[in-house]
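What follows is a single structure, written as structure tokens, with notes after it.
No lab work stands behind these numbers, since they all come straight from the coordinates. None of these values were measured; they are calculated from a predicted model. Here Cβ is always computed from backbone atoms with ideal geometry, including for glycine, and neighbour counts include all displayed protein chains.
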Ligand SMILES: NC(=O)c1ccc[n+]([C@@H]2O[C@H](COP(=O)([O-])OP(=O)(O)OC[C@H]3O[C@@H](n4cnc5c(N)ncnc54)[C@H](O)[C@@H]3O)[C@@H](O)[C@H]2O)c1
């Protein structure tokens, strides 16, 4: 397979769950040492244990991407422990403020918290990693955006706008960091069955689900949405996103920067 990552050290924010966990597992399969960093320390440590139990090198660290000191502390800790940070994957993300899934509509807290984590968090972690990477004139940053960056929708305007900001920031960061041979790209995943989508459907089944979907379980509704909207008729998986991440951080992708790549089974091509 492409992308030999032996000797590389990666930090994956949001690495405790869903897509972030999948990215950690694929990067390790490619030979990288992986730090799963998350607000949820127990989850981050569980992913690290999964990796070390199969013979890989990993650690689970606590991080709050909305706090500069927290992000800088993690980068410094990784440099102390492994000597370098080659890869920063900014996956940590939210779709609303506290208990957003219990409410029928977006409020100020949704806008504030979603931009704090999804946008400011990506900027802080990129800057902290880049400060270190610049000295080595080498580095790879991958930001997990969403197809929500590319489309409108009535339910989560704050989320869509935050992901559009991630795509925009990716382009600016790529230009700012190009003189230091640091590549910055984004990935726009489509539909993945993770705790995030479980909550989206929890909310939808309580606040305004389409008549035709009433009586179905949340997982059945998800499958129906995939069937109705994805040309390839399959959901995407954390491993799909991990595979593209592994490619983007590999030597084979050294001339790709400032791009937002879509992994959605054709959904946004319709
Ligand atoms: N699931 C999908 O269909 C989908 C589609 C497109 C994009 N995405 C994006 O992929 C990323 C991962 O989503 P997921 O579906 O795996 O969701 P998830 O809820 O399973 O995982 C998100 C992780 O981010 C962590 N996190 C939240 N706030 C944090 C903070 N302040 N600091 C550090 N960690 C924090 C959470 O603890 C959690 O482990 C998100 O950026 C999301 O927007 C998801």
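Results for (1) without any contact (Cβ under 8 Å) to a residue 60 or more places away in the chain; (2) assigned to a strand (DSSP E or B); (3) more than 13 Å from the ligand (Cβ to nearest atom); (4) loosely packed, with under 15 Cβ neighbours inside 10 Å, shown as yes or no for each residue.
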{"position": "149", "(1), (2), (3), (4)": "no, no, no, no"}
{"position": "164", "(1), (2), (3), (4)": "yes, no, no, no"}
{"position": "175", "(1), (2), (3), (4)": "no, no, yes, yes"}
{"position": "178", "(1), (2), (3), (4)": "no, no, yes, yes"}
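Against the list (1) touching a residue at least 40 places away in the same chain (Cβ under 8 Å); (2) farther than 19 Å from residue 24 by Cβ; (3) surrounded by fewer than 19 Cβ atoms within 10 Å (Cβ to Cβ), the condition residue 183 fails is (3). Within the stretch 34-52, the only residue that satisfies the criterion of being surrounded by fewer than 18 Cβ atoms within 10 Å (Cβ to Cβ), in contact (Cβ under 8 Å) with a residue 24 or more places away in the chain and away from the ligand (no atom under 14 Å from the Cβ) is 50.
Please go through the stretch 58-89 and give me each residue that is in a helix (DSSP H, G or I) and more than 16 Å from the ligand (Cβ to nearest atom), ordered by number. Selection gives 76, 79, 80, 81, 82.
Just one of the listed residues (55, 15, 7, 31) is assigned to a loop (DSSP other than H, G, I, E, B) and free of Cβ contacts under 8 Å to residues at least 12 places away in the same chain, namely 55.
Checking each residue of the stretch 72-81 against the condition of being surrounded by fewer than 21 Cβ atoms within 10 Å (Cβ to Cβ), touching a residue at least 40 places away in the same chain (Cβ under 8 Å), under 25 Å from residue 254 (Cα atoms) and over 14 Å from the mean Cα position of the chain (by Cα) gives at least one match.
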